[in-house]
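Working notes for the structure below.
The values are calculated or read from the model by the stated rules, or taken from the named source; none is laboratory data. This one's a predicted model, so the numbers in the text were calculated from it and none came from an experiment. Counting neighbours? That spans all protein chains shown, and the Cβs are built from the backbone with ideal geometry, glycine included.
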């Protein structure tokens, strides 16, 4: 649990070009109060802003939190609920939800120093996004999460079946929501 955000969502949809065509449908299927991490790096600035705005409205209608991949200042300007990214980009700016990325204990420590509210630790499993990255696997992931001192969101090849396998309730996916009905995961992290 994050002290500043005690109701941090368990499920996080991460956007990119691969899942753009199903985002509105997936947003409707996610449990109320889930999270969205808007990346969409493939779009130009104006297109990215317009797509964010459409998804922000859709997410808020469903009671979801939407976080912008960018700095806290950019997130505030775009009326996002928070910022996502490298911990070093999250250290300054307005007080919004801050989600940091990490792939090692060193990066988890950087997220903690940056006062991130949670860290997305990856890749737990092999993933199409980073096919050359060595997966942590469930045991190493859980060990690193236990040592983190922060709420941890599992990322990388995640879907509902794999979250159950890891016995982890907070997880994020790009493709993992596209073909599996979603529900809350009944395990404690």
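On the basis of being in a loop (DSSP other than H, G, I, E, B) and either at pLDDT 90 or above or at positive phi (or both), does residue 172 make the cut? Even if it seems obvious, please write down each step before you answer.
Details: in a loop (DSSP other than H, G, I, E, B): no; either at pLDDT 90 or above or at positive phi (or both): yes.
No.
Here are some residues: 57, 39, 18. Which one is modelled with pLDDT under 90 and either on the phi < 0 side of the Ramachandran plot or crowded, with 21+ Cβ neighbours inside 10 Å (or both)? Walk me through it before giving the result.
On the way: 57 fails: modelled with pLDDT under 90; 39 fails: modelled with pLDDT under 90.
One residue alone meets the criteria, 18.
For the range 55-80, how many residues meet the condition of being part of a helix (DSSP H, G or I) and touching a residue at least 40 places away in the same chain (Cβ under 8 Å)?
Counting residues in the range 55-80 that are part of a helix (DSSP H, G or I) and touching a residue at least 40 places away in the same chain (Cβ under 8 Å) gives 1.
When you go through 57, 51, 62 one by one, which is the residue that is over 16 Å from residue 173 (Cβ atoms) and touching a helix residue (DSSP H, G or I) at 6+ places or on another chain (Cβ under 6 Å)?
Numbers: 57 fails: touching a helix residue (DSSP H, G or I) at 6+ places or on another chain (Cβ under 6 Å); 51 fails: touching a helix residue (DSSP H, G or I) at 6+ places or on another chain (Cβ under 6 Å).
When all the criteria are applied, what remains is 62.
In the range 133-169, what count of residues is obtained for those that are surrounded by fewer than 18 Cβ atoms within 10 Å (Cβ to Cβ) and in a loop (DSSP other than H, G, I, E, B)?
The number of residues fulfilling the criteria is 6.
Look at residue 93 and say whether it is without any contact (Cβ under 8 Å) to a residue 24 or more places away in the chain, surrounded by fewer than 22 Cβ atoms within 10 Å (Cβ to Cβ), in contact with a helix residue (DSSP H, G or I) (Cβ under 8 Å, 6 or more places away or on another chain) and assigned to a loop (DSSP other than H, G, I, E, B).
Numbers: without any contact (Cβ under 8 Å) to a residue 24 or more places away in the chain: yes; surrounded by fewer than 22 Cβ atoms within 10 Å (Cβ to Cβ): yes; in contact with a helix residue (DSSP H, G or I) (Cβ under 8 Å, 6 or more places away or on another chain): yes; assigned to a loop (DSSP other than H, G, I, E, B): yes.
Taking the combined requirement at face value, the residue satisfies it.
Is the range 16-23 home to any residue that is in a helix (DSSP H, G or I), over 19 Å from residue 121 (Cα atoms) and in contact with a strand residue (DSSP E or B) (Cβ under 7 Å, 6 or more places away or on another chain)?
Applying the first criterion (in a helix (DSSP H, G or I)) to the range 16-23 yields 20-23.
Restricting the remaining residues to those that are over 19 Å from residue 121 (Cα atoms) gives 20-23.
Right, trim to in contact with a strand residue (DSSP E or B) (Cβ under 7 Å, 6 or more places away or on another chain) and you get none.
No: the range 16-23 contains no residue that is in a helix (DSSP H, G or I), over 19 Å from residue 121 (Cα atoms) and in contact with a strand residue (DSSP E or B) (Cβ under 7 Å, 6 or more places away or on another chain).
Take the range 114-132 and flag every residue that is surrounded by fewer than 17 Cβ atoms within 10 Å (Cβ to Cβ) and in contact (Cβ under 8 Å) with a residue 24 or more places away in the chain. Break it down stepwise before answering.
We begin by selecting, within the range 114-132, every residue surrounded by fewer than 17 Cβ atoms within 10 Å (Cβ to Cβ); these are 115, 126, 128-132.
Those that are surrounded by fewer than 17 Cβ atoms within 10 Å (Cβ to Cβ) and in contact (Cβ under 8 Å) with a residue 24 or more places away in the chain: 115, 126, 128, 129, 130.
So which residues in the range 26-47 are out of contact with any strand residue (DSSP E or B) (no Cβ under 8 Å at 6 or more places or on another chain), under 19 Å from residue 65 (Cβ atoms) and outside any loop (DSSP other than H, G, I, E, B), if there are any at all?
If the condition is that a residue be out of contact with any strand residue (DSSP E or B) (no Cβ under 8 Å at 6 or more places or on another chain), under 19 Å from residue 65 (Cβ atoms) and outside any loop (DSSP other than H, G, I, E, B), then 28, 29 are the ones that fit.
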